[in-house]
Amino acid sequence: MKDKQNNQPVSEPELPEWYKNRHRPLRKFWFRFKGENWVTWAIMLLCGLGFILSYLAMTSGNLLSIATVFSALGWRGGPTSNWWGLLLNQFVQVSVMQLIFNLVFIYFVGQWLEPVQGHFRFLMTFLFAGVGGQLIAGYLSRFGLPVGMSTGSTTAVFGLLMVVVVEASF
């Protein structure tokens, strides 16, 4: 730092020793994950929790149990009925194979794509790809195409695949 009048360096005041050695657990916790792919791990954790919720609902004995999970998460009759159903439905997995495929793909793609795009852009890419895929599936099903109900993060996984193709081609 320089003095504005004399344009000579000014020494900064020395910080007290107690201030330098203070304990800041949140900062230490945050910097532990700095540079790592923590968004990928958070998405995988949310997908696992969504599978556990859907599995508990399916084994509860209710005939419309998966519909109960969707209605609890905001899915009421279609992807355009409410906005939080579009976001939360990405994390509800219906089968074990769907969960395994999505988690493996998110892990491997996230290890490469998250450092390239950054944490926030990777998260937004995942969420927008999932919402866009669910909207397209809902739109096509209204015209009688056999799309079925879109569940899980499979639409986001295919969106991430397209982003990988675009990133790798340039």
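Any chance you could run the full-extension gain for residue 45 through residue 95? It's 0.36 nm times the residue separation minus the Cα-Cα distance, nm to one decimal. It would help to have the intermediate numbers written out before the result.
Numbers: separation 50, 0.36 × 50 = 18.00 nm, distance 1.60 nm.
Net length gain for the segment: 16.4 nm.
Against the criterion of solvent-accessible heavy-atom surface with a 1.4 angstrom probe, 153, 95 sort, most first, into 95, 153.
Taking label points 7 Å from Cα along the Cα-to-Cβ direction, residue 38 and residue 167 give a separation of 1.9 nm.
The values are calculated or read from the model by the stated rules, or taken from the named source; none is laboratory data. Here the structure is a predicted model, which is why all the values come from computation and not from measurement. Note that we place each Cβ from the backbone using ideal geometry, even for glycine, and neighbour counts take in every protein chain shown. Just the protein is used for accessible areas: all its heavy atoms, side chains included, with ligands, DNA and RNA removed. Shrake-Rupley method; radii C 1.70, N 1.55, O 1.52, S 1.80 Å.
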